[in-house]
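The values are calculated or read from the model by the stated rules, or taken from the named source; none is laboratory data. What you are looking at is a predicted structure, and each value in this text was computed from that prediction instead of being measured. Using ideal geometry, Cβ is built from the backbone for each residue, glycine included, and neighbour counts are taken over all protein chains shown. Calculation scope for accessible area: heavy atoms of the full protein, side chains included, ligands and nucleic acids excluded. Shrake-Rupley method; radii C 1.70, N 1.55, O 1.52, S 1.80 Å.
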Amino acid sequence: LDPVKLAARGLAVADVEAALRRENLELPAGRIESVDREFSVRLERSYATAADFGALVVARGAGEGDVVRLADVARVEEGSSERRTWFRGNGEAMVGLGLVKQSTANTLAVARLARAEGEKVKAFLPAGTTLHQSYDSSIFIDGAIDEVWSTLGIAIGLVVAVIFLFRGTFRATLVPALTVPISVVAS
């Protein structure tokens with residue numbers, strides 16, 4: 001609701017609420033009875049879309065045809081009935097989807113498969129809809145594995161350098177230098 005537009009027309013929030021309660025009713029139109037069953041007859045209400053609600057008459061003026069519609073004093077749009085359950089990212093409303101792997105599943109494999117499925121889904125999204133990955137725990141695991149490999153390489157290089165410094169020749173360094181990295185990798 002726009003408070004300035006409401007005040008300009010001499011309306012309050014209670015007037016809009018009363019108009020919505022008065023006009024947006026879904027009452028049974030009767031019933032059909034048989035020996036075994038009873039059915040309620042229901043008429044479809046006339047307000048189904050945002051445009052229908054925008055055309056709802058909130059108040060009538062003194063002149064003939066002088067009406068105030070909901071769209072005149074409010075922004076009418078389809079949306080979530082409960083704002084606290086909206087999913088927002090960077091200030092924009094969006095749909096959130098979380099994947100939780102099973103305890104025995106490989107995080108890297110699940111993430112790789114989820115990215116592949118995401119690429120397949122992109123082809124079926126409506127125009128103007130995008131798919132963004134906001135969080136991926138496999139990035140940290142992948143980084144940790146890369147760090148282990150680089151640390152292992154540095155350790156092997158340091159072991160070979162220390163053996164060379166103590167032995168003094170490359171030939172004397174060769175046998176111990178090959179056995180130490182193999183034992184490090186094996187452990």
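Structure above, values below:
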read-out: Residues (farther than 27 Å from I141 by Cα and either in contact (Cβ under 8 Å) with a residue 60 or more places away in the chain or of a type in the set (K, R) (or both)) located in segment 82-129; value: R83, R84
read-out: Selection count where residues are small (G, A, S) and without any contact (Cβ under 8 Å) to a residue 40 or more places away in the chain, scope segment 130-140; value: 2
read-out: Per-region count, segment 39-56, residues modelled with pLDDT of 85 or more and part of a strand (DSSP E or B); value: 0
read-out: Any hit, segment 5-20, residues being exposed (fewer than 12 other Cβ atoms within 10 Å of the Cβ) and modelled with pLDDT under 85; value: no
read-out: Leading residue by the ranking (surrounded by the most Cβ atoms within 10 Å (Cβ to Cβ)) among those in segment 66-100 that are modelled with pLDDT under 75 and more than 24 Å from V4 (Cβ to Cβ); value: W86
read-out: L125 vs. criteria of a type in the set (A, V, I, L, M, F, W, C), open to solvent by less than 60 Å² (accessible area, probe 1.4 Å) and within 15 Å of the chain's Cα centre (by Cα); value: yes
read-out: Per-region count, segment 135-164, residues farther than 30 Å from L97 by Cα, open to solvent by less than 70 Å² (accessible area, probe 1.4 Å) and under 37 Å from the mean Cα position of the chain (by Cα); value: 1
